[in-house]
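Can you read through this structure? Questions will come right after.
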There are 2 protein chains.
Amino acid sequence: MSERTNSNNKLRVTISDVARTAGLSIATVSRVLSGYEFVSEATRKRVMEAVEQLGYVANLPARRLAGGRSRTIGLLVPNLDNGYVGTITLGIDKVLSRINCDLVLYASHHQPSKETYYVHTIVNGITEGLLLIAPQYTNTYLDMLRAHDFPYVFIDQSEPTENSSIVEAENYQGAYEATRYLCNLGHRRIAFIMGALNVQSARERLRGYTAALIDCNIPLQQNLILEGNYQQQGGYEAAKHVLNNVDPPPTAIFASNDISAFGAMDAVREHGLSIPDQISIIGFDDVPQASLVYPKLTTVRQPLEQMGQIAAETLMERIKDKGCPPQRITLATQLILRDTCAPCLLHDSEGS
Amino acid sequence: MSERTNSNNKLRVTISDVARTAGLSIATVSRVLSGYEFVSEATRKRVMEAVEQLGYVANLPARRLAGGRSRTIGLLVPNLDNGYVGTITLGIDKVLSRINCDLVLYASHHQPSKETYYVHTIVNGITEGLLLIAPQYTNTYLDMLRAHDFPYVFIDQSEPTENSSIVEAENYQGAYEATRYLCNLGHRRIAFIMGALNVQSARERLRGYTAALIDCNIPLQQNLILEGNYQQQGGYEAAKHVLNNVDPPPTAIFASNDISAFGAMDAVREHGLSIPDQISIIGFDDVPQASLVYPKLTTVRQPLEQMGQIAAETLMERIKDKGCPPQRITLATQLILRDTCAPCLLHDSEGS
DNA sequence: CAGTAGATTGAAAGCGCTTACAATTTCATG
DNA sequence: CATGAAATTGTAAGCGCTTTCAATCTACTG
């Protein structure tokens, strides 16, 4: 009973409507719209006019199904509530919107099963490629990704096989410099709040910390190396613990990321110590809040927005040329001096 | 020359692979997978086993194209870099992941053309519905949305025709209470930093402020009502301006949102005034940073996460039953007392 | 002017899925 | 045991697009 819907269904303008209006075949219209070269200028113009007139917008699922480009990429993030992901996303979004692509967001909320499941659905979705921010369980899907030849780029995570494209910052170097900075201020008892150690960056930062200490001839003190998880609560608990249980207490705390540092600042204040006079604090990342808290947080800047940008660009390249060899891009970090660090007043020659 | 790809193309497991493995028709498999009722238990089991065994994941574009559900909704946000959107998104994400839906993110970055363009593409995309956070140019696409019968829900924005589903907070009431709170602390010269006035919430908050002042018998002072834009910079400039140019200066500042309040705090500190002893500050929203800044910001809490949650649920209802009448859901705000407000020390009987 | 390479366009076959519609099976009833 | 309704499954027609292949057209060349 139902007629061919095209004729009287006003709700959806399809490519064949455009074709009819322009007096051309849908094949030609498709070619114009997907930027095929061998179309005459006159034809192109006719098509564009029809598109304009009808307000045609391509149907993405159809396009994607037919093997065309969906101009959509996926972004897998661990969470959304802190500025870290937001700032990276800003960079991604900038390039995507410049080249007219969409973003599908997947938040794993740190659940392994979700991360794995998402990646599987992503490969079967509209998405042409995938950006992963600090993924934690890559081994559960890396093979599949590669088997499908599905383009992806890691942000702030690497994996042992070194066979993926990665955008990251100089975690080791940044941590090293931060630690040395504290040493140069005279600090000898510098606590370190670790990040989530299943993340590469966290391990690198720990390495940087220990290396700097060694280079400064400061013996490593295990009870100053504290567990953390890159979360505010973890930073809070770590700082609280070290303040209550280690004697003499540290004169400085280096937190693996800003979010932990904020937690540490809370704990320090709760403990009645003033920042930076009685204890120095330094973070890592330079999320937007870092310059918003009071006192403003001294930290190691990762060029987050830039990382997002470069990752997006790298992914687009990989989408265009799946063969191009994976590359690791490491961006420089930068020590940002603000108000949470001060020279150490205690002049003690340190014992273990 | 090319064979039916199914047989030897390992890259993609399709529904027909599942059908073959299960020894059923693809129609039956489809029915099982899309939750159709009239399938025997045995069949369902056979299908699920095949799915499991093959690691099948439905191809979203195909499903969507064929008229099925894509289980994907769109989210249009003005920006990403502050906790406001992030927190709402958290709520959205919670319900979406519970019911197994995906999120496509569109950031307009406050550009009218982008907002309009996105909504148009969204309607032709994989998305089944759309959530809009504080949209600003609804008139450019509202008719189209309705003509397509495309489900959508506004978050924190209303529109004149009252014909859309909206989730919002009690902006008027919240602003009223915040202002009264300051009055009760003895403040008489309360500056107000406005939000972006093309957003409904900003107008409501202004209304609340003036109403409270009137109810407290405090004459409105135009030079204490300052332009703002919901951004930190705007708050900073507004506060700086009022501090430099209005005499006597205000003893309290009510910023239309927390982000502006942070800017105001900066300006105040730069001006050499201490918070809250010399000047009180109050914000609106209670974004995560509010309890992170120092001193912790007294503010009016919008239940952001809950708003996201409810909006997502409302949208899902509308997707299921497009006929259901639009509803406006207004959630209560709550005054959160923290550390940026104090009694007014000056005892002056106010003139204009 | 026939012949040909190259440019441009059209016809038609899917992409993987949903869903009328039709066919088959099941099973309680008469 | 025939019968019909209900339950279950299969067949096949698209959804709107890209792309291969073939057809047509154009402009030269000899």
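Identify, among A:217, A:236, A:295, the residue whose Cα sits farthest towards the positive end of the charge dipole of region A:171-302, taking +1 on the Cβ of Lys and Arg and -1 on the Cβ of Asp and Glu, with the dipole about the Cα centre.
Of the listed residues, the answer is A:217.
What share of the DSSP beta bridges in the protein assembly as shown is antiparallel, in percent to the nearest 5?
For the protein assembly as shown, the DSSP antiparallel bridge percentage is about 10.
Please compute, for the alpha-carbon atoms of the protein assembly as shown, the extent along each of the three principal axes and give them in descending order in Å.
82, 67, 58
Suppose a student asked you for the relative contact order of chain B, using Cα pairs under 8 Å spaced at least 6 residues apart; what percent would you report?
With pairs under 8 Å counted, the relative contact order is 17 percent.
Return the long-range amide H neighbours of residue B:300 (sequence gap of 5 or more, or a different chain), with a cut-off of under 5 Å between placed amide H atoms.
Close amide H contacts, sequence-distant or interchain: B:283, B:284, B:285, B:286, B:336.
Here's another thing I want to ask about it. Rounded to the nearest 100 Å², what's the accessible area chains A and B bury against each other, both chains counted, probe 1.4 Å?
Approximately 4100 Å², summed over both chains.
For residue B:345 and residue B:214 in the same chain, what is the full-extension length gain: residue separation times 0.36 nm, less their Cα-Cα distance, in nm?
Length gained between residue B:345 and residue B:214: 45.0 nm.
Can you say what percent of the DSSP beta bridges in chain A, counting only those with both residues inside, are antiparallel? Round to 5.
10 percent
For chain B, what number results from the quotient of the Cα radius of gyration and 2.2 N^0.38 Å?
Here the Cα radius of gyration is 1.27 times the empirical estimate.
I've got another one for you. Mind pulling the angle between the C-alpha long axis of helix A:171-184 and the longest principal axis of chain A? Nearest 10 degrees, somewhere in 0 to 90.
30 degrees
Continuing with this model, one more query. Taking amide H atoms as placed 1.01 Å from N in the peptide plane, list the residues 5 or more away in sequence, or in a different chain, whose amide H sits under 5 Å from that of residue B:103.
Result for residue B:103 returns A:105, B:73.
So, one more: Which number comes out as Rg/Rh for region A:5-58 once both Rg and the Kirkwood Rh are worked out on C-alpha atoms?
Radius of gyration over Kirkwood radius for region A:5-58 works out to 0.96.
Turning to a different aspect of this structure: For residue A:270, which inter-copy label distances result when the label point lies 7 Å beyond Cα on the Cα-to-Cβ vector, reported in nm to one decimal and in ascending order?
3.4
Under unit Cβ charges (Lys, Arg +1; Asp, Glu -1), what dipole magnitude, rounded to 20 debye, does region B:257-352 have relative to its Cα centre?
440 debye
Divide by every residue of chain B the summed helix terms, -39500 (n - 2.57) for each DSSP H run of at least 4, and state the resulting mean residue ellipticity at 222 nm, rounded to the nearest 500 deg cm²/dmol.
That comes out to -12500 deg cm²/dmol.
Tell me, what ³J(HN,Hα) does each residue in region A:323-335 have, in order and in whole Hz, if you take phi through Karplus 6.51 cos²θ - 1.76 cosθ + 1.60 with θ = phi - 60° and put x for Gly and Pro?
Taking θ as phi minus 60°, the curve returns x, 4, x, x, 10, 10, 10, 10, 9, 5, 9, 8, 6 Hz for region A:323-335.
Near the amide H of residue B:344, under 5 Å away, which other amide H atoms are found, from residues 5 or more places off or on another chain, if H is placed in the peptide plane?
B:186, B:187
In sequence order, what are the phi-derived ³J(HN,Hα) couplings for region B:206-218 according to the Karplus relation 6.51 cos²θ - 1.76 cosθ + 1.60 with θ = phi - 60°, rounded to whole Hz, with x for glycine and proline?
Per residue, the Karplus-derived 3J(HN,Hα) values read 4, 4, x, 4, 5, 4, 5, 4, 4, 4, 9, 6, 9 Hz.
Just how large is the dipole of chain A about the Cα centre, in debye to the nearest 20, putting +1 at every Lys and Arg Cβ and -1 at every Asp and Glu Cβ?
1400 debye
Using only the Cα atoms of region A:1-120, what are the Rg and Dmax in Å?
For region A:1-120, the Cα radius of gyration and maximum Cα-Cα distance read 19.3, 56 Å.
Taking the Cα centre as origin and putting +1 on Lys and Arg beta-carbons and -1 on Asp and Glu beta-carbons, what dipole magnitude results for region A:5-58, to the nearest 20 debye?
Rounded to the nearest 20 debye, it is 140 debye.
What are the GluC sites (Glu not before Pro) within region A:107-197 that DSSP puts in a loop, where the Cβ has at most 13 other Cβ atoms within 10 Å?
A:162
Under 8 Å for C-alpha pairs, at least 6 residues apart: give me the relative contact order for region A:267-335, rounded to a whole percent.
27 percent
Here is a follow-up. Classify region A:171-302 as rounded, prolate or oblate, taking a ≥ b ≥ c as the square roots of the eigenvalues of its Cα gyration tensor: rounded when a/c is under 1.5, otherwise prolate if a/b is larger than b/c and oblate if not.
Rounded is the answer for region A:171-302, as its axis ratio a/c remains below 1.5.
Find how many whole Å separate the alpha carbon centroid of region A:113-142 from the alpha carbon centroid of region B:235-273.
Value for the Cα centre distance between the two parts: 46 Å.
Using 0.36 nm per residue of separation minus the Cα-Cα distance, give me the extension gain between residue B:322 and residue B:207 in nm, one decimal.
38.0 nm
What ³J(HN,Hα) values, in whole Hz, does the Karplus curve 6.51 cos²θ - 1.76 cosθ + 1.60 give for region B:138-154 when θ = phi - 60°, with x put for Gly and Pro?
4, 5, 7, 9, 4, 4, 4, 3, 6, 4, 7, 6, 8, x, 8, 9, 8
What is the sum of charges around residue A:24, taking Lys and Arg as +1, Asp and Glu as -1, for the other residues whose C-beta is under 13 Å from the C-beta of residue A:24?
+3
The values are calculated or read from the model by the stated rules, or taken from the named source; none is laboratory data. From a predicted model like this one, the values you see are computed outputs, not experimental measurements. Here the Cβ is made from the backbone with ideal geometry for all residues, glycine too, and neighbour counts use every protein chain on show. The area values use the complete protein model at the heavy-atom level, side chains included, leaving out ligands, DNA and RNA. Shrake-Rupley method; radii C 1.70, N 1.55, O 1.52, S 1.80 Å.
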